[in-house]
Amino acid sequence: VLQNLSQTPLLRDILKEAKMPGTTVKIESPELCMLCCFSFKQEPQLIKLDQPGPLTLAMHQFVTEMQETKKGVVTPKELFAQVCKKAIRFKGYQQQDSHELLRYLLDGMRAEE
C-alpha cells in the first residue's frame, strides 16, 4: 500500500505543497473519460491547505525518502507510529489487512485538514 501511494503523482505533489501552510492547491480533473469515451470539462478545485498534522508530515517524509534513488532500505517507523496514534488497532504488530491500513492512513490525514 505504501509503495503504491508513494508512486501516486497527485498525492506526492499535494504532500509537497502541504508542507507550506496557507498554500492553495489546484486539482484538475482529466479532460477525457476513458470509460465513457467522450470529453468533458470540469472546473478545477482550489483547496487551501492549513498547517499539516503529524501524520501528514510523516507521510510526506516517507514519500520523499521513497523517491530518493540513493536511499537504500526505507523503514516507515515514524509513519507507522503516527498511524498507531490514530488507529490503536495497529499497535502490537498484529497482522492487519492492507486495505485497513490504507483506510486509516487516508482518513487520518483527511482528519488533520
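Worth pointing out:
- Here each label is just a point 7 Å from Cα along the line to Cβ, and for Q95 and I47 those points are 3.4 nm apart.
- Per-peptide average of other Cβ atoms within 10 Å, ordering 60-67, 91-98 highest first: 60-67, 91-98
- Added length on full extension, which subtracts the Cα-Cα distance from 0.36 nm per residue, R110 to T8: 35.1 nm
Each reported figure results from applying straightforward, stated rules to the coordinates on display, with no laboratory input. Quick caveat, the model's predicted, so the values are computed rather than measured. All Cβ positions, even for glycine, are placed from backbone atoms using ideal geometry, and neighbour counts span all protein chains on display.
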